[in-house]
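Scroll down for the structure; my scribbles are underneath it.
The values are calculated or read from the model by the stated rules, or taken from the named source; none is laboratory data. Everything numeric here is computed off the predicted structure, so don't read it as measured data. Every residue, glycine among them, receives a Cβ derived from its backbone with ideal geometry; neighbour counts consider all protein chains shown.
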C-alpha cells in the first residue's frame, strides 16, 4: 500500500455511496476486489458506474468469472491455485499435491489487472470511452500458471499428455554441490554440446535419446540425473566458474535473509519512515525506466488518513464533522 491515499467511506449508506461517486467523477480508474453481489450493494455495479461515469475504466478482481455460476463464491490464493490445476502439477515434485510457496494467484491477478487497465486507458485516448474489466482469479491463474503445461494438449487432436516434463522432473534441481546448492539451466543444443564435451561425455551427443530437442525433452530425467551425480564432486564456486566459461546460466542458491541483506549495487530493499510503525523496508518492483529504478516514495497511509482532504478537494469547501465520511463509520 505504499504511495497510496486512504479514504474511508460507509458504503452501506446512501450518503457514503454518493460520496464515492463524487470521487469517481474525478477519477480515471476504479479498481475493486468485491464479488458482484457486494459490488452491487456498494454502488459499484458495472451498469451504475458506466451510466454515471461513461469515461471511467472500472476493473473488478473477483474469484470466478461472471456467468460461471460461481461468481459470488469467495476465493483466496490457495483456492485459485487448486482450481487452476497448479496444485496437482506440484505433485510431480513433492509426491503430493501442494501449493506454490508464494501468493501466485494474487500477484498474477494484480499484474493482469494493471495490463488490462493500461490497455483500456490507451483505448480511451482514442475513443473517449471507458471500459468494464473483469479479472477472475481462477481464470487468470490457469492461463498464467498452465501456459507451458498444455504440452501435448496444445494440438487438437492431442499429440501427448499435458504437463511440461522438463520443469516437473523430480531431478531438475537445484543440485547439491560439495559445499552448498547450485541452480543451473542447460537448455539449448549448443549449451548441452559445450557441457557434455567438457565433462568427457560427447558420446551422448550422438545418442538418439539426446541428439535432438525432442529426444532431450523425452529423456530429460536421465540428463538431470547426470547433473545430480556430478555436482557434489566439487564446490559451488568451481561450478560457477566453469559455467561462466561455458556461457551457461548458473547461480548459487541463496536464502531469503541473504537476498534482503544485500548491500551496494545489488541492494534491493528500500527504507521508509512510517508515522506509527517506525522504519519499514520495502522491495522495489525491479523495473527501471530511463535508468532509474522504480521504488516507493511514501509509506502505507493510516486508515482514513486522506478522507477529509479528498472530500474537501472534491467539494471545493471545508468538510465539517457533519459532512465528513469518517463520521459515518460506526
Considering 302, 285, 280, which residue is in contact with a strand residue (DSSP E or B) (Cβ under 6 Å, 6 or more places away or on another chain) and either assigned to a loop (DSSP other than H, G, I, E, B) or surrounded by 12 or more Cβ atoms within 10 Å (Cβ to Cβ) (or both)? 280
Can we say residue 109 is surrounded by 15 or more Cβ atoms within 10 Å (Cβ to Cβ) and touching a helix residue (DSSP H, G or I) at 6+ places or on another chain (Cβ under 6 Å)? yes
Scanning the range 288-298 for residues that are exposed (fewer than 10 other Cβ atoms within 10 Å of the Cβ) and in a loop (DSSP other than H, G, I, E, B), which turns out modelled with the highest pLDDT? 290
From the list 39, 70, exactly one residue is part of a helix (DSSP H, G or I) and free of Cβ contacts under 8 Å to residues at least 24 places away in the same chain. Which is it? 39
Residue check: is residue 142 under 20 Å from the mean Cα position of the chain (by Cα) and in a helix (DSSP H, G or I)? yes
Just checking, how many residues over the range 42-61 are outside any helix (DSSP H, G or I), in contact (Cβ under 8 Å) with a residue 60 or more places away in the chain and crowded, with 16+ Cβ neighbours inside 10 Å? 7
Please count how many residues of the range 1-36 are part of a helix (DSSP H, G or I) and either free of Cβ contacts under 8 Å to residues at least 60 places away in the same chain or touching a strand residue (DSSP E or B) at 6+ places or on another chain (Cβ under 6 Å) (or both). 7
Quick count over the range 242-276, residues being surrounded by 10 or more Cβ atoms within 10 Å (Cβ to Cβ), without any contact (Cβ under 8 Å) to a residue 24 or more places away in the chain and not in a helix (DSSP H, G or I), is 6
